[in-house]
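Asks: Here it is, the structure in full.
None of the figures in this text is laboratory data; all of them are computed from the coordinates on show. Here the structure is a predicted model, which means the values were calculated and not measured. Quick reminder, even Gly has a Cβ in these numbers, built from the backbone with ideal geometry, and neighbours come from all protein chains shown.
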Amino acid sequence: MKKIEAIIRKSKFEDVKRALYDAGIEWFSYWDITGLGKSTEEQVVRGQVFKSGYIQRRMVSIVVRDINLEKTITAILDSAWTGETGDGKLFIYDIEDTYRIRTKESGPEALYNKDESTKN
């Protein structure tokens, strides 16, 4: 199992969410974040000048089975991409184990309902 953390432009969140759903990834967490990056290029958006370090960001956190890793990464990269500075970052972590508290199931089966486990 892997954990994917993606820092993306807030303006691209709906595109990323749709791409994840299309890839069969229907559960993830997200929250608004701010941060400071090395790049400080200025961009003009609708007549206002913004420094790229201050573009609103959203963090998306997903735990997936190994079999779903590549399609999840591809969905995020393709849908979050603008080609401009400040598109974001993607981090991949190993997950040692997972547990479903309600049933005490462990391992990859704890990530999804049993009837859906064959899909992913």
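Asks: Report the net charge of residues surrounding residue 76, where surrounding means a beta-carbon distance below 14 angstrom and charges are Lys +1, Arg +1, Asp -1, Glu -1. Write out the running numbers ahead of the final one.
Replies: Numbers: positive: 2, 3, 9, 12, 17, 18, 57, 58, 71, 89; negative: 5, 14, 15, 22, 70, 78, 87.
Net charge around residue 76: +3.
Asks: Using the per-residue mean of other Cβ atoms lying within 10 Å as a proxy for protection, in what order, highest first, do the peptides 80-93, 6-19 fall?
Replies: Numbers: 80-93: 14.4, 6-19: 18.1.
Result, highest mean first: 6-19, 80-93.
Asks: Please identify which residues in the stretch 54-71 have an amide N closer than 16 Å to a label point set 7 Å out from the Cα of residue 112, following the Cα→Cβ vector.
Replies: So the set is 62-71.
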